[in-house]
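The values are calculated or read from the model by the stated rules, or taken from the named source; none is laboratory data. Bear in mind that the values here come from a model prediction, so they are computed numbers and not experimental data. We place every Cβ from the backbone using ideal geometry, glycine too, and count neighbours over all the protein chains shown. Ligands, DNA and RNA are stripped out before the accessible areas are found, and what is left, the full protein with its side chains, is counted by its heavy atoms. Shrake-Rupley method; radii C 1.70, N 1.55, O 1.52, S 1.80 Å.
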Amino acid sequence: MSKTMPTLELNPHKRIPLLKIKTHHPDHEPQLPISETKSHPTRPTASDLPDPPPSNNTGSIYFIGTATTILSWHGARILTDPNFLHAGDHVHLGPGVTSERLTNPAVDINALPPLDCILLSHYHEDHFDRLVEDSLSRQFPIISTPHAKSCLTSPSKPEPFQNVTALDFFDSLIMPIVQPTSTNSNGKTPQIKVTAMPGKHVPPGPLAVANDLLGAVPPTNGWLLELGYTTSAETAQNTQVGYRIYISGDTLLIDELKQIPQWLHGEKIDLMLVHLGGTTIPGAKMPLLMVTMDGVQGVKLMKMMNPDITIPIHYDDYDVMVSGLDDFKKEVNGAGLQDKVVYLDRGEEYQFQVRGL
């Protein structure tokens, strides 16, 4: 008997506020400060065509900084790994390990437009900082790892979170997007299926065993998001997938990642967001252990997953990151993959088209 997938309805017209304290805004909702919009490097965009089609199948990824992005599609907005500290602020990353932020986010947390849910790869302060944890409404929907759920909902917290969904590797969640008339003009309902993918922050071996005992570095997920449409109440089984986004999460290039192309059974990944940085602990001055991919591993992951487009994120925001964007660019150029990568600065967005409308 197949396992029933949980459902989280995304209703852009009836959202739970992101923050505990309502921020005063003018009558219109805040807009993201987009400095530039980029698109596929080798394909025309809808605006380039003589008769542009309706734009409701257009999605976008907005890069805020670190691993913090906003995925927008059909009016729904998903925030990933919220980290809104500023340059000079510090995070705690484990016993005796702290790191200083070197950059500013493209937008502050209290200036965000309304959102629908948070996709949190793991419970680590450079992905879910203390400002975020203190500020968020306890009812706001969060999707994360079982470990993160146990931390966020712990009764030992003064204010436990109340709306956290845990997904283990290859568990899925269906997120139908409520439309003004419940379906679009073609009788299809847009939805996003999110599936947790393997990831390991600590390399296999004695250090991983020690980390399991100490709980110093938390377990982490990658994510596979499938954007598509359905005409049936049986949403998971009758979805016409029009776009796939793989988010690596904070992982190294481990053998378990090979399970992802196998799980896809030959289906194509359209976009990959890869967490880079070559993050080292306890820090750059004492680089004993690398816990995120560097430029070399990032390109090897591109070859393994074979996405149509890759966008690097999480590469230079903290002083524990020793392999910056230049390292990745050098490896990309050496492999002849320049047309397969889009580089976003903080405050820029990438637009894409979802098939099937």
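Tabulated results
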{"item": "Net charge of Cβ neighbours under 11 Å - reference Asp89; Lys, Arg +1; Asp, Glu -1", "result": "-3"}
{"item": "Residues of segment 106-141 with amide N under 17 Å of a point placed 7 Å along Cα→Cβ from Ile254", "result": "121-124"}
{"item": "Rough spin-label spacing in nm, given labels placed 7 Å along Cα→Cβ, for Asp319 and Lys22", "result": "4.2 nm"}
{"item": "Å² per residue, accessible surface of segment 298-348 at 1.4 Å", "result": "40 Å²"}
{"item": "Hz values of 3J(HN,Hα) by residue in segment 345-351 - Karplus curve (6.51, -1.76, 1.60), Gly and Pro given as x", "result": "7, 4, x, 9, 10, 10, 9"}
{"item": "Relative packing of 150-158, 128-136, which averages over residues the other C-beta atoms within 10 Å, highest first", "result": "128-136, 150-158"}
{"item": "Local electrostatic count, Asp134, Cβ distance below 10 Å [Lys/Arg +1, Asp/Glu -1]", "result": "-1"}
{"item": "Theoretical FRET efficiency, 1/(1+(r/R0)^6), r = Cβ-Cβ of Met5 and Arg130, R0 41 Å, to 0.05", "result": "0.80"}
{"item": "5 angstrom amide H check on Thr165, placed H, neighbours 5+ away", "result": "Ile142, Ile143, Ser144"}
{"item": "Point-to-point label distance, Glu100-Glu29, nm (Cα→Cβ direction, 7 Å offset)", "result": "3.8 nm"}
{"item": "Segment 249-357, relative contact order in percent, only Cα pairs under 8 angstrom and at least six apart counted", "result": "28 percent"}
{"item": "Segment 125-169: relative contact order in percent, alpha carbon pairs under 8 Å with at least 6 residues between", "result": "43 percent"}
